[in-house]
1. Looking at the structure I just gave you, is T97 β-branched (V, I, T) and touching a helix residue (DSSP H, G or I) at 6+ places or on another chain (Cβ under 6 Å)?
2. Take the conditions outside any strand (DSSP E or B), within 17 Å of the chain's Cα centre (by Cα) and on the phi > 0 side of the Ramachandran plot and apply them to N84. Does it pass?
3. Could you count how many residues in segment 1-47 are in a helix (DSSP H, G or I) and farther than 19 Å from D169 by Cβ?
4. Tell me which residues, restricted to segment 163-180, are open to solvent by less than 60 Å² (accessible area, probe 1.4 Å) and part of a helix (DSSP H, G or I).
5. State which residue pairs qualify: first residue closer than 19 Å to V134 by Cα and inside segment 66-90, second residue of a type in the set (S, T, Y) and outside any helix (DSSP H, G or I) in any location, beta carbons under 8 Å apart, and separation of 6 or more residues or different chains.
6. Across segment 105-151, which residue is farthest from the ligand (Cβ to nearest atom) among those that are touching a residue at least 40 places away in the same chain (Cβ under 8 Å), polar (S, T, N, Q) and open to solvent by 50 Å² or more (accessible area, probe 1.4 Å)?
7. Here are the criteria: (1) outside any loop (DSSP other than H, G, I, E, B); (2) among the aliphatic types (A, V, I, L, M); (3) under 13 Å from the mean Cα position of the chain (by Cα). Tell me which single one A183 does not satisfy.
Amino acid sequence: MKVGILGSGDVAKALAGGFIKHGHQVMLGTRDAAKLKDFAAAHQGTQIGGFAEAATFGDVVVLAVKGTVALQALEAAGTANLANKPVLDATNPIAETPPVNGVLKFFTNLDQSLMERLQAALPAAHFVKAFNSVGNAAMVNPQFPGGKPTMFICGNNDSAKATVRGILDQFGWETADMGKAEAARAIEPLCMLWCIPGFIRNDWFHAFKMLNRG
Ligand SMILES: NC(=O)c1ccc[n+]([C@@H]2O[C@H](COP(=O)([O-])OP(=O)(O)OC[C@H]3O[C@@H](n4cnc5c(N)ncnc54)[C@H](OP(=O)(O)O)[C@@H]3O)[C@@H](O)[C@H]2O)c1
């Protein structure tokens, strides 16, 4: 696949590394290519461009920017360049205010998630929430004694979700499909829960697992 990744931070780089490892073509999009100079040097064949170039390049697009500017980044990427494409949304709506006793603050509420806002603003793109509920160090083929962890996903387009499920298979995850975009109201706050052990006891390597009836 050709994968366009909007972002230059830890998530963009971790997922880019995973896509490259699994044989996909990657272009990372940023406002400042200098931020990705070292990454590009270490990963031959990776392309670096602007947000619009990365969105145009990708058959699949990954959104990996700060939650507060997610809509701005998508607008810079160009709504037409994202139309009819799966947009794997790894963002979280983390507010600028600091955590309280290790609990992050969100700028959304439980009646509307960030992904729903983005989906409403760009109706032709096929958003799928994924990779928001784990730290970047464990995104690609993580090894846990308890086996494969579970990634909770949601989105309105079944074909886009099938594409994301295929990516999660390659990246060593079980997929739990929680349904339509509204489920992001529940999936985004998993980020708050995931971060608490990090803030209160500096434990940043763990993941969620769903246990089913079998
Ligand atoms: N860090 C993690 O382990 C982790 C895990 C799961 C989910 N997440 C979520 O994934 C997303 C990315 O996290 P991150 O830690 O990799 O990076 P981040 O520091 O949250 O975001 C960096 C990115 O945001 C972009 N950005 C900042 N201000 C912007 C603006 N005004 N307009 C357009 N773009 C702007 C930057 O673009 P430029 O490249 O142009 O500077 C950069 O690509 C966040 O939503 C985060 O909550 C993070």
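The values are calculated or read from the model by the stated rules, or taken from the named source; none is laboratory data. These numbers were taken from a predicted model, which means no experiment stands behind them. Quick reminder, even Gly has a Cβ in these numbers, built from the backbone with ideal geometry, and neighbours come from all protein chains shown. Remember, those area values only see protein heavy atoms, side chains included, never the ligands or the DNA or RNA. Shrake-Rupley method; radii C 1.70, N 1.55, O 1.52, S 1.80 Å.
1. Working: β-branched (V, I, T): yes; touching a helix residue (DSSP H, G or I) at 6+ places or on another chain (Cβ under 6 Å): no.
The answer is no for T97.
2. no
3. Our first condition is that a residue be in a helix (DSSP H, G or I); within segment 1-47, this holds for 10-21, 33-42.
Adding the requirement that they be farther than 19 Å from D169 by Cβ leaves 10-13, 33-42.
Residues flagged as in a helix (DSSP H, G or I) and farther than 19 Å from D169 by Cβ within segment 1-47 amount to 14.
4. Of everything in segment 163-180, those that are open to solvent by less than 60 Å² (accessible area, probe 1.4 Å) and part of a helix (DSSP H, G or I) turn out to be T163, V164, G166, I167, L168.
5. These pairs meet every condition: K66/T91; G67/T91; A70/T91.
6. My answer is Q112.
7. A183 satisfies every listed condition except (3).
Yes/no per residue for (1) surrounded by fewer than 17 Cβ atoms within 10 Å (Cβ to Cβ); (2) touching a His at 6+ places or on another chain (Cβ under 7 Å); (3) closer than 21 Å to H126 by Cβ:
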residue: L15; (1), (2), (3): no, no, yes
residue: K21; (1), (2), (3): yes, no, no
residue: Q25; (1), (2), (3): yes, no, yes
residue: D38; (1), (2), (3): yes, no, no
residue: E53; (1), (2), (3): no, no, yes
residue: A70; (1), (2), (3): no, no, yes
residue: E75; (1), (2), (3): yes, no, yes
residue: T79; (1), (2), (3): yes, no, yes
